[in-house]
Amino acid sequence: MADSMDAPASPTVPQDTLPVVLTLAVQGDAGFLYDLWDNEARRQSLSGGPPTFEAHLAWLKAVLADPHVFLFVAIERGVRVGSARLDADGSTATVSVNVARSARRRGLGAAILRALDTGARAVGVGELVAEILEGNPGSRTAFLNAGYRLEEWKDGVVTMRRTLQ
């Protein structure tokens with residue numbers, strides 16, 4: 001299995017996916033953010049995503065009020081294509097990304113992660129950590145393409161890390 005974790009020979013993001021801009025999420029993004037949680041996203045997530053829209057609204061309200069959580073909406077050419085989240089604990093943050101179904105498999109995950117570096121630096125984060133289900137090769141590839149390295153593979157979860165310069 002370790003061989004499947006190796007970085008691609010020359011990680012690239014298709015030019016048609018750039019540029020990606022991140023904006024801080026607001027309550028008005030609730031419907032878009034909930035719709036990101038289709039069956040595939042739920043299956044590939046450690047949390048499984050919100051079970052109901054009402055639960056999602058409560059979660060979003062809490063996240064937007066939490067000074068240690070930064071939730072972003074990813075925009076490509078004026079269209080919302082995904083989200084990214086930083087859960088900060090001092091100078092380290094746990095990262096999660098969700099790409100809209102219609103925008104998947106175009107390299108947007110890695111583009112969103114690279115854009116997230118700027119947001120992380122702005123809030124004093126220098127170390128990014130991601131936990132990915134081992135059955136999610138698309139996410140592993142996106143994180144590898146964005147400069148993350150394999151740290152651990154344990155109990156079906158792959159931990160990857162990136163130190164910002």
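Points to keep in mind about this one:
- Residue check, VAL129 at pLDDT 95 or above, in a strand (DSSP E or B) and in contact with a helix residue (DSSP H, G or I) (Cβ under 7 Å, 6 or more places away or on another chain): no
- Verdict on GLU127 being over 17 Å from ARG85 (Cβ atoms), touching a strand residue (DSSP E or B) at 6+ places or on another chain (Cβ under 9 Å) and of a type in the set (Asp, Glu): no
- Some residue of the range 138-160 being without any contact (Cβ under 8 Å) to a residue 24 or more places away in the chain, out of contact with any strand residue (DSSP E or B) (no Cβ under 7 Å at 6 or more places or on another chain) and under 26 Å from ARG77 (Cβ atoms): no
- Number of the exception - SER83 against (1) modelled with pLDDT under 90; (2) buried (at least 17 other Cβ atoms within 10 Å of the Cβ): (1)
- Filtered residues of the range 139-160 (kept if among the charged types (D, E, K, R) and part of a strand (DSSP E or B)): ARG149, GLU151, GLU152, LYS154
The values are calculated or read from the model by the stated rules, or taken from the named source; none is laboratory data. Only a predicted model underlies this, so the values are computations on that prediction, with no experimental measurement involved. When we count neighbours, we look across all protein chains shown, and the Cβ atoms used for this are built from the backbone with ideal geometry, even at glycine.
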